[in-house]
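What follows is one structure encoded as structure tokens, with my remarks underneath.
The values are calculated or read from the model by the stated rules, or taken from the named source; none is laboratory data. None of these values were measured; they are calculated from a predicted model. A quick note on method: Cβ atoms are made from the backbone with ideal geometry, for glycine too, and the neighbour counts reach across all protein chains shown.
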Amino acid sequence: MDKVILIKYGELTTKKGNRNFFIDTLYHNVKNKLKKFHVKIYKDRARMYIEFCDEEFSLIKEAMDHIFGIHTYHIAVMVDTNIEDIKKNTLQLAQKEEFSTFKIEVKRSDKSFPLSSLEVSPILGGYLLRNIPHISVDVHHPELLIKVEIREKKSFIYANSYQGCGGYPVGTQTRGLLMLSGGIDSPVAGYLAMKRGVVLDAVYFEAIPHTSLDARNKVIELSKKLANYTDSISLHVVNFTPIQEAIYQNCRSEYCITIMRRMMYRIMEKLSKNFGAKVIINGESIGQVASQTLDSMAVINAVTNMPVIRPVACLDKLEIIDLAKKMDTYETSILPYEDCCTIFVPKHPVIRPKMEVAINEEEKFDYISMIDEAVASIITIPISNEEKEFQELL
């Protein structure tokens, strides 16, 4: 009995003229993720198929669960496209399950097959009823749902389903730069951006000695979690200390957060141009803190012409936490190491800043040369999921 992993594309099938590009990108990503395993991967416009070794499946499944662009996948029995082989293997599959009610769904893609889908279903159902005692058909709420896909040369039979990540394959969009703090929100924003196909790199603003190397290591760990969903991520570390100190020494305290964010956006724009990124991504959520009111966003956003994407902008905190737990970043994010966004927070930060006030406050120090220095002195840390050693396979 030959088995394959059968991948369903989901949203990719809506792409019409660009469909092959999306499928080819997914094929590249799957091939790269599974290159350590003994697999054979092939595809067509409807499905992707992976021949695999049973003993590797648990590790393959772990990798598959980190690939965007997969709607669902199934362990399918692959048989020759003739009714006798389909009957025999459908029975063998059902005999391995415990159930009292069942339903069979047939999809015939090979129109040269002499029987229609509506004709095959009762043939297979009757065959099971004659060979397995004490079972019955339930078309509405079956305990066992068997699906049969009849295709040219080979057909596929399966009764299981695994949920994929969905979305688009990473690489179907160009590069974006994520403002990655050590908090809960920004890693989730990066995850959601990759889910729409964005190639992701990250920027971390640190203010040593006010922030610690533990805080940087925390962000490195979060970057590793994100890298599980792609090939690799470059983490660009910005020395933000001189700028942050200048802000708090020269500017009105209630405007310090607003001006700090405006400086960050200016740096992000320069880094985006340097690294070929087309968009800035961050974890801002409307109204969550003073710098994330709509008035604050307008004043802060005014310093850049780059598109700014805020994937979690309209999610509440509990929804964001649920996603963080799903992608396994939550426990890392709540480690008690402060980043530059949480130090020196004024008691009463302005929630409706005025543009002219922010501009006047910025003129109190030479931020242009300081930004140039910060950009020129970044540290880039390559983050790759290749660090994992699959000792289970040795």
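For region 18-57, the candidate set comprises residues that are of a type in the set (S, T, N, Q) and touching a residue at least 60 places away in the same chain (Cβ under 8 Å); within that set, the residue that is farthest from G166 (Cα to Cα) is N32. Scanning region 151-169 for residues being under 10 Å from Y73 (Cα atoms) and part of a loop (DSSP other than H, G, I, E, B) gives a total of 3. Please tell me if T380 is hydroxyl-bearing (S, T, Y) and in a helix (DSSP H, G or I). The answer is no for T380. Taking residues in region 351-372 that are assigned by TED's automatic domain parsing to the domain that holds C256, and partners anywhere that are of a type in the set (D, E), the pairs with Cβ atoms closer than 7 Å and at least 6 places apart or on different chains are I351/D295; R352/D295; P353/D295. Quick check on my filter: what residues within region 215-251 are closer than 29 Å to A358 by Cα, of a type outside the set (V, I, T) and not in a helix (DSSP H, G or I)? If the condition is that a residue be closer than 29 Å to A358 by Cα, of a type outside the set (V, I, T) and not in a helix (DSSP H, G or I), then H236, N239, F240, C251 are the ones that fit.
Going through region 1-24 one residue at a time, which ones are in contact with a Ser or Thr (Cβ under 6 Å, 6 or more places away or on another chain) and either in a strand (DSSP E or B) or surrounded by fewer than 21 Cβ atoms within 10 Å (Cβ to Cβ) (or both)? So that I can check it myself, show each step before the final result.
Within region 1-24, the first condition is being in contact with a Ser or Thr (Cβ under 6 Å, 6 or more places away or on another chain), and the residues that meet it are 8, 22.
K8 - this is the single residue of region 1-24 that is in contact with a Ser or Thr (Cβ under 6 Å, 6 or more places away or on another chain) and either in a strand (DSSP E or B) or surrounded by fewer than 21 Cβ atoms within 10 Å (Cβ to Cβ) (or both).
Every condition in (1) surrounded by fewer than 20 Cβ atoms within 10 Å (Cβ to Cβ); (2) out of contact with any Lys or Arg (no Cβ under 8 Å at 6 or more places or on another chain); (3) in a loop (DSSP other than H, G, I, E, B) holds for V312 except the one numbered (1).
Pick out the one residue from T72, T14 that is over 17 Å from the mean Cα position of the chain (by Cα), of a type outside the set (F, W, Y) and assigned by TED's automatic domain parsing to the domain that holds I146. So that I can check it myself, show each step before the final result.
Numbers: T72 fails: over 17 Å from the mean Cα position of the chain (by Cα).
One residue alone meets the criteria, T14.
In region 82-124, the qualifying residues are those that are touching a helix residue (DSSP H, G or I) at 6+ places or on another chain (Cβ under 9 Å) and polar (S, T, N, Q), and the one that is farthest from R151 (Cα to Cα) is Q95.
Residues I243, I247, I280, I259: which one is surrounded by 21 or more Cβ atoms within 10 Å (Cβ to Cβ), assigned by TED's automatic domain parsing to the domain that holds V198 and under 15 Å from L180 (Cα atoms)?
Values: I243 fails: under 15 Å from L180 (Cα atoms); I247 fails: under 15 Å from L180 (Cα atoms); I259 fails: under 15 Å from L180 (Cα atoms).
Of I243, I247, I280, I259, the one residue that is surrounded by 21 or more Cβ atoms within 10 Å (Cβ to Cβ), assigned by TED's automatic domain parsing to the domain that holds V198 and under 15 Å from L180 (Cα atoms) is I280.
When region 111-124 is limited to residues that are surrounded by fewer than 14 Cβ atoms within 10 Å (Cβ to Cβ) and in a loop (DSSP other than H, G, I, E, B), the one that is modelled with the lowest pLDDT turns out to be K111.
Any residue at all in region 200-214 that is touching a Gly at 6+ places or on another chain (Cβ under 6 Å) and outside any strand (DSSP E or B)? The answer is no; no qualifying residue exists.
Apart from one condition, K33 fits all of (1) out of contact with any Leu (no Cβ under 8 Å at 6 or more places or on another chain); (2) surrounded by fewer than 18 Cβ atoms within 10 Å (Cβ to Cβ); the exception is (2). Going by the conditions given, is H28 touching a Ser or Thr at 6+ places or on another chain (Cβ under 8 Å) and either in a helix (DSSP H, G or I) or within 18 Å of A159 (Cβ to Cβ) (or both)? Criteria not met by H28. Going through D339, D322 one at a time, which residue ends up being within 33 Å of the chain's Cα centre (by Cα), in the same structural domain as A215 (by TED's automatic domain parsing) and modelled with pLDDT of 95 or more? Checking each option against the conditions leaves just D322.
Each row is one residue, and each column tells you yes or no for (1) in contact (Cβ under 8 Å) with a residue 60 or more places away in the chain; (2) surrounded by 15 or more Cβ atoms within 10 Å (Cβ to Cβ).
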residue	(1), (2)
E62	no, no
I70	yes, yes
T81	yes, yes
L93	yes, yes
E98	no, no
I104	no, yes
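Can you find even one residue in region 276-285 that is touching a strand residue (DSSP E or B) at 6+ places or on another chain (Cβ under 9 Å), not in a loop (DSSP other than H, G, I, E, B) and not hydrophobic (A, V, I, L, M, F, W, C)? Don't jump to the end; show me each part of the working.
Pass one, region 276-285, residues touching a strand residue (DSSP E or B) at 6+ places or on another chain (Cβ under 9 Å): 276-284.
Now narrow it down to the ones that are not in a loop (DSSP other than H, G, I, E, B): 279-281.
The next check asks that each one be not hydrophobic (A, V, I, L, M, F, W, C); those that pass are none.
Within region 276-285 (the criterion being touching a strand residue (DSSP E or B) at 6+ places or on another chain (Cβ under 9 Å), not in a loop (DSSP other than H, G, I, E, B) and not hydrophobic (A, V, I, L, M, F, W, C)), the answer is no, since none of the residues qualifies.
In region 291-318, the residues that are among the basic types (K, R) form Cβ pairs under 9 Å with partners that are part of a loop (DSSP other than H, G, I, E, B), at six or more places apart or across chains, as follows: R310/N282; R310/G283; R310/E284; R310/S285; R310/I286; K317/I184; K317/S285; K317/Q288.
Does V303 satisfy the condition of being outside any helix (DSSP H, G or I), at pLDDT 95 or above and under 22 Å from Y204 (Cβ atoms)? It would help to see each step written out before you state the result.
Working: outside any helix (DSSP H, G or I): yes; at pLDDT 95 or above: yes; under 22 Å from Y204 (Cβ atoms): yes.
Judged against the criteria, V303 is a match.
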